[in-house]
Amino acid sequence: PGVAIGSILVALVVGTWAFLQVANVDRNLTELRRLVAMMGQTENVNVDSYELGPTWQEIAQTFVDSHSSLYRRLRDRQAAVQKLELSQSLVQAGQRRAEAIVDCLSDAVLVTNSFGELSRANPEAERLLAFQLEKVRGKTIRQVIAAPALATLIEQVTQRGNGTQRHTEEISIV
């Protein structure tokens, strides 16, 4: 009978301890769920304001620190993307203004890239040299201009620039 009572007491203590452990895990999980929900709403979350056991509090703090770091990096990247988008928008607006000015000129204007390919021409150049920019964009001057002497002259002008800066030269054909 004494052994049976001792066994019953041990079983009762172990059962109570197991029940309390399960209850602690449930309470900690509930608090962690609250913490995670709060993290979705704000960057700064204080782990100490949650009723977590020491092990769970350490885990939660590591999680919150990682979240805060990622949140700051994301915010910084979003700000960088906004700056880039604004810069791109300003560049595009400047490019549209420059194109509008070039399009209004009564002189023929050809613009080539660093590979010697036609990238821009104003309407006067299209008219005088008898081509449509949309059909010849990306082609070399020699492929676009039928007169070999004129193509050579334009190629010579474009080769005078060193490729690291903008080069402009006026050619008069009489």
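The values are calculated or read from the model by the stated rules, or taken from the named source; none is laboratory data. Since this is a predicted model, take the numbers as computed values, not measurements. Backbone-built Cβ (ideal geometry, glycine too); neighbour counts: all protein chains shown. Heads up: the accessible areas ignore ligands, DNA and RNA and are worked out on the full protein's heavy atoms, side chains in. Shrake-Rupley method; radii C 1.70, N 1.55, O 1.52, S 1.80 Å.
Add +1 for every Lys or Arg and -1 for every Asp or Glu among the other residues with Cβ under 15 Å from the Cβ of Ala93, and state the total.
0
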- Counting only protein heavy atoms with a 1.4 Å probe and every protein chain in place, the carbon and sulfur fraction of the accessible surface of region 62-166 in whole percent equals 55
- Task: Could you let me know the centre-to-centre spacing of region 98-124 and region 54-76, using Cα atoms, in angstrom?
- Result: 54
- Message: I'd like to check one number: the per residue accessible area of region 53-157, probe 1.4 Å, reported in Å² as a whole number.
- Response: 71
- Contour excess over end-to-end distance, with Cα ends at Thr55 and Arg77 and 0.36 nm allotted per residue: 4.6 nm
- Between Thr152 and Ile101, what FRET efficiency comes out of the Förster formula 1/(1 + (r/R0)^6) with R0 = 25 Å and r the beta carbon distance, rounded to 0.05? 0.30
- Query: Residues with amide H under 5 Å of Thr112's amide H, sequence separation 5 or more or different chain, H placed in the peptide plane at 1.01 Å from N; which?
  - Reply: Ser119
- Message: What does the charge count around Glu134 come to, taking other residues whose C-beta lies under 13 Å from its C-beta (Lys +1, Arg +1, Asp -1, Glu -1)?
- Response: +3
- Label points 7 Å out from Cα along the Cβ direction at Gln88 and Ala108: separation in nm? 3.6
- Rg and Dmax of region 54-109, using alpha carbons, in Å: what are they? 24.0, 80
